[in-house]
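The values are calculated or read from the model by the stated rules, or taken from the named source; none is laboratory data. Note that the structure is predicted; figures quoted are calculated from it, not measured. Note that each Cβ is placed from the backbone with ideal geometry, even for glycine, and that neighbours are counted across all protein chains shown. Heads up: the accessible areas ignore ligands, DNA and RNA and are worked out on the full protein's heavy atoms, side chains in. Shrake-Rupley method; radii C 1.70, N 1.55, O 1.52, S 1.80 Å.
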Amino acid sequence: MFAIESIKIEHQSAPILTDCRHPRFSFSLRSDRSATVLRSACIQMNNGWEKEITDPLLIVYDGPALKPFETYEVTVSAQSIAGEVTEATTIFHTGRLSLPWQAKWISDPNSRVESPNSPVPLMFRRRFTVTHPADMRVLATAMGIFDLYLDGKRLHEDYFNPGFTNYEADLQYIVCERPDLQPGEHEFMAVVAGGWAVGRTTHVDNTTKSKSRLSADRPALLTELWLRTEDGTETVIGTDETFEVSMEGPWRLADFYDGETYDARIQPEQMNWKPAAIEALHVHPELTARYGLPVTAHERLKPVAWQEAPSGELIVDFGQNIAGAVDFTVRGHEGQTITIRHAEALERGELYVQNLRSAKQTLTYICKEGRQSCSPRFTYMGFRYIGISGVRREDIESIEAVAVYSDFRTIGSFSCSNDDLNQLQRNLTWSGKDNFVDIPTDCPQRDERQGWTGDITLFSPTACFNYDMSVFLEKWLRDVKTEQNAIGSIPFVVPSRKGITPVMTTSCWSDCCVLVPWTLYQASGDRTILDRMYPVMKKYMADVKRWAALSLPIYGSPHILKLPFQFGDWCAPVGSVPDWLAHGAWVGTAYYAHTSDVMAKIAQVLQKPQDEKRFRNQRDRIKTAFRKVFTDGHGRMKEEFQSAYVLALAFGLEENEANRRIMAERLWALIQENGGHLCTGFPATPYLLFALADHGYVKKAYELLQTDTDPSWLYQVRLGATTMWEQWGAVQEDGTIKEASLNHYAYGAVGDFFYRRICGLDIVEPGYRRFRVKPLVGGNLTWAECRHESPFGTIRVRWDMLDDQFKLQLTVPFGTVCEIELPDGTMYQAESGEHHYECAI
Ligand code: BGC
């Protein structure tokens with residue numbers, strides 16, 4: 001059977017709504033004949049546009065201008081070289097495109113927020129009468145985050161709209177449909193809480209206090225209700241003074257860090273309402289239909305244990321550290337106050353909250369009489385445990401923890417014969433989910449939760465194996481682009497938090513503008529992201545070059561990158577911040593060479609031969625400088641530490657084979673001197689196992705991976721971690737906890753090694769059009785397997801070791817080619833279909 005497996009529009013499956021004027025289409029095929037390929041295909045739209053194609057990956061719509069609020073039908077018909085034919089159809093909807101808004105921004109001028117507090121959520125309402133059955137469409141956005149209701153029922157399930165963007169430049173709006181509204185009186189209601197635009201925000205730096213109102217003075221709403229009757233009559237009710245507003249709603253507090261206070265006794269009829277006022281915003285973003293992913297509820301976890309803390313608090317363990325919120329049903333009495341605190345760990349039987357810093361992560365619920373349910377909507381917490389007070393256990397009918405994160409698809413899995421490694425894979429995929437809440441964050445629990453650029457730079461290769469990251473990261477990269485300053489620097493966190501986090505060129509972190517698009521391009525095969533980001537990359541690289549040139553008087557070379565500031569060996573398990581920063585020049589220069597190398601590759605893809613040559617030469621000059629300044633010329637670092645060797649080896653900074661051998665030898669010697677332990681921080685850890693395994697130390701790489709004493713990946717697993725920790729020894733053997741996050745994905749970047757080395761699945765041509773499978777047997781593993789849904793279809797790799805016999809089972813998707821190398825060195829090439837190979841080992 002020959003069939004179209006999926007058609008994607010802007011990297012998403014239907015239903016989608018977009019304001020994109022030139023949407024990108026792609027499709028994947030499947031056939032039960034092996035080794036077939038696509039002969040030709042035709043893509044057509046019901047507006048007359050059609051295109052003949054031979055490549056299913058990236059087809060850009062270039063037909064007549066799309067119309068607002070249309071539904072377009074897209075049909076793909078394809079023919080294989082074997083002559084089989086197939087056809088499939090999908091649809092997409094357009095948003096308002098450039099249709100001007102009739103609505104005006106509204107708010108309540110009395111909502112005065114004292115920074116750093118978050119505002120009391122505002123409630124807006126508008127009553128209207130429908131005389132004939134009508135279909136309703138609601139378009140909405142806000143300064144703050146909002147929920148919309150019609151006649152008391154929420155119109156959508158997703159959270160935290162309109163999402164987190166650079167509000168000076170971009171603001172997303174959402175569209176909800178409500179068909180068949182019956183004649184009579186209806187009530188539209190919106191709740192707008194502070195969210196990212198108005199609510200409290202801060203980050204780790206102790207000298208920097210929290211701030212609120214970064215993008216607006218108070219919550220504000222912009223909404224249009226479009227009513228269309230059967231005869232085609234359209235009425236638009238836009239936000240203006242005919243809407244009413246109230247500050248007296250049941251949400252008394254809503255704050256990302258501190259939680260929610262909800263008073264269930266408050267009913268809309270008892271609240272004071274007054275006409276809303278027109279609000280003049282001081283940002284003027286472009287309004288676009290949501291181009292990121294909605295944030296939605298996912299796993300629902302039941303308690304795995306209940307216990308009473310010495311303090312008397314009722315503790316519930318959900319067995320998994322998550323980002324999300326509780327959902328409970330209780331029997332309560334009017335005025336009874338239930339308090340639920342959230343934490344990632346317990347210490348001596350009590351909730352451990354020190355690592356939350358100033359974040360309170362507390363839900364306060366004031367009951368009405370009787371049976372009632374509650375689940376926060378305007379906050380999320382990072383937690384595995386909760387502490388409940390104010391209600392007896394027997395009055396809690398049910399309680400669950402709901403994981404809340406962006407709605408990306410899981411497209412990969414890895415497992416092997418070692419259960420601890422499987423747990424590590426679970427931990428790192430959970431940390432991925434927990435930190436992909438509309439933007440890629442560093443952590444979901446403490447008073448931070450920012451879009452730290454370095455963390456996602458390091459984790460994106462692992463993320464792209466496990467999840468479909470295209471939509472999520474393209475949205476974030478749009479902000480990276482807008483946030484670049486005039487001289488080319490990128491903020492530490494994106495979206496930036498004005499006046500809180502600096503905008504500064506810093507390797508690894510700011511390199512996100514080059515490395516993340518490159519990773520995404522490799523995984524998706526869609527070069528659009530490279531085209532979009534190339535001007536940013538070039539400008540950024542020019543800035544890096546200027547800073548490097550300032551090193552001339554210090555190092556005698558204009559290619560050493562130390563200025564203006566480097567995080568260096570951030571979070572290495574020795575010393576503290578000053579020691580990590582002190583290794584800035586090594587890390588900075590190594591990344592400078594690596595990023596120049598990637599720039600040369602990008603320039604090649606974009607067919608810019610001059611740039612390609614320039615970046616290649618630049619890379620070579622940086623490599624030479626690195627060796628001259630930091631090594632003795634024979635492979636040994638003048639100052640030895642693991643990260644220096646790891647980066648030199650992984651980024652190919654040493655040309656001479658004999659010197660490389662010495663580097664690998666010295667790296668292993670340093671590991672041994674450290675009791676068989678790694679000693680690397682954020683920037684080098686993702687490359688550590690590659691540096692060993694790719695330079696003759698496969699056995700040692702496995703040994704290091706399977707070590708379970710501190711510091712190591714499996715130490716966390718042995719101590720019961722369910723997510724990745726920010727710092728290697730965050731929890732001590734005796735259970736004492738350092739003040740560190742227990743849910744940071746940076747060290748989860750080891751997941752890349754699982755796919756690319758243990759299973760040996762590596763990309764040769766972007767989008768897996770051509771890929772390699774070269775499993776790395778070792779560490780007493782008897783089997784390993786992975787699955788990855790590539791843009792062409794699902795790849796499966798499974799290897800087994802049976803009595804010195806190695807067996808490989810492989811699924812190669814339609815339209816791709818796989819190069820296979822077995823552990824005995826034999827090589828094969830396979831086209832689509834199922835394949836089996838064996839060799840003695
Ligand atoms: C964050 C990080 C980040 C780092 C940079 C921390 O506070 O949690 O993960 O990359 O700061 O300094």
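Exactly one residue among SER80, SER40, SER107 is among the hydroxyl-bearing types (Ser, Thr, Tyr) and out of contact with any Ser or Thr (no Cβ under 9 Å at 6 or more places or on another chain), and that residue is SER107.
Could you please find all residues in region 116-155 being modelled with pLDDT under 95 and of a type in the set (Gly, Ala, Ser)? Within region 116-155, SER118 is the sole residue that qualifies. The residue pairs whose first member lies in region 565-587 and is open to solvent by less than 50 Å² (accessible area, probe 1.4 Å), whose second member is among the basic types (Lys, Arg), and whose beta carbons are closer than 7 Å, counting only pairs six or more residues apart or on different chains, are GLY584/LYS562; ALA585/LYS562. Being open to solvent by 10 Å² or more (accessible area, probe 1.4 Å) and in a loop (DSSP other than H, G, I, E, B) is the filter; apply it to region 466-496 and report the residue that is nearest to the ligand (Cβ to nearest atom). Out of the qualifying residues, it is PHE492. Of all residues in region 532-562, those being open to solvent by less than 50 Å² (accessible area, probe 1.4 Å) and under 19 Å from PHE492 (Cα atoms) number 10. Filtering region 737-757 for residues that are touching a His at 6+ places or on another chain (Cβ under 6 Å), open to solvent by less than 30 Å² (accessible area, probe 1.4 Å) and either within 16 Å of the ligand (Cβ to nearest atom) or closer than 30 Å to GLY349 by Cβ (or both) leaves an empty set. The criterion of at least 2 residues that are more than 16 Å from the ligand (Cβ to nearest atom) and farther than 30 Å from ILE671 by Cβ is met by the following helices (runs of 4 or more DSSP H) wholly inside region 517-583: 528-549, 552-555.
Test ASN161 against the criterion of being under 20 Å from VAL120 (Cα atoms) and either open to solvent by less than 20 Å² (accessible area, probe 1.4 Å) or away from the ligand (no atom under 16 Å from the Cβ) (or both), and give yes or no. Answer is yes for this residue.
Every condition in (1) within 16 Å of the ligand (Cβ to nearest atom); (2) in a loop (DSSP other than H, G, I, E, B); (3) not polar (S, T, N, Q) holds for GLY499 except the one numbered (1).
Scanning region 778-792 for residues that are polar (S, T, N, Q) and in a loop (DSSP other than H, G, I, E, B) gives ASN780, THR782.
Name the residue that is modelled with the highest pLDDT, counting only residues in region 191-220 that are within 16 Å of the ligand (Cβ to nearest atom) and open to solvent by less than 20 Å² (accessible area, probe 1.4 Å). So the residue we want is THR201. Close Cβ contacts (under 9 Å, 6 or more residues apart or on different chains) running from residues in region 669-688 that are in contact (Cβ under 8 Å) with a residue 40 or more places away in the chain and within 16 Å of ALA648 (Cα to Cα) to residues that are among the acidic types (Asp, Glu) and open to solvent by less than 10 Å² (accessible area, probe 1.4 Å) comprise CYS679/ASP569; THR680/ASP569; GLY681/ASP569; PHE682/ASP455; PHE682/ASP569; PRO683/ASP569; ALA684/ASP569.
When GLY292 is tested against the conditions (1) surrounded by fewer than 20 Cβ atoms within 10 Å (Cβ to Cβ); (2) in contact with a helix residue (DSSP H, G or I) (Cβ under 8 Å, 6 or more places away or on another chain), the lone failure is (1).
For region 682-705, does any single residue satisfy the condition of being within 13 Å of GLN642 (Cβ to Cβ) and β-branched (Val, Ile, Thr)? There is at least one residue in region 682-705 that is within 13 Å of GLN642 (Cβ to Cβ) and β-branched (Val, Ile, Thr). Pairing each residue of region 331-354 that is open to solvent by less than 20 Å² (accessible area, probe 1.4 Å) with any residue that is basic (Lys, Arg), provided the two are 6+ apart or on different chains, yields C-beta distances under 6 Å for GLU344/ARG384; LEU351/ARG341. The residues of region 240-286 that are open to solvent by 40 Å² or more (accessible area, probe 1.4 Å) and not in a loop (DSSP other than H, G, I, E, B), listed by number, are GLU244, ARG252, LEU253, TYR262, GLU269, GLN270, LYS274, PRO275, ILE278, GLU286. Every listed requirement among (1) more than 11 Å from the ligand (Cβ to nearest atom); (2) part of a loop (DSSP other than H, G, I, E, B) is met by ALA463 save one, (2). Among the residues in region 603-610, are any under 23 Å from LEU692 (Cβ atoms) and surrounded by fewer than 16 Cβ atoms within 10 Å (Cβ to Cβ)? Taking every residue of region 603-610 in turn, none turns out to be under 23 Å from LEU692 (Cβ atoms) and surrounded by fewer than 16 Cβ atoms within 10 Å (Cβ to Cβ). Candidates THR685, THR736: the one that is at pLDDT below 95 and among the β-branched types (Val, Ile, Thr) is THR736. Cβ separations smaller than 6 Å between residues 6+ apart or across chains give the following pairs from region 82-105 residues that are farther than 17 Å from SER6 by Cα to residues that are among the small types (Gly, Ala, Ser) and part of a strand (DSSP E or B): GLY95/ALA289; GLN102/GLY238; ALA103/GLY238; TRP105/ALA220. Reported count of residues in region 116-150, each being assigned to a strand (DSSP E or B) and open to solvent by 20 Å² or more (accessible area, probe 1.4 Å), is 7. Are there any pairs, at least 6 apart or on different chains, whose C-beta atoms fall under 7 Å, with the first in region 424-451 and in contact (Cβ under 8 Å) with a residue 24 or more places away in the chain and more than 14 Å from the ligand (Cβ to nearest atom) and the second in a strand (DSSP E or B) and small (Gly, Ala, Ser), and if so, which? If the second residue must be in a strand (DSSP E or B) and small (Gly, Ala, Ser), the pairs left are GLN425/SER415; LYS433/ALA403; PHE436/SER406; VAL437/ALA323; VAL437/SER406; ASP438/SER406.
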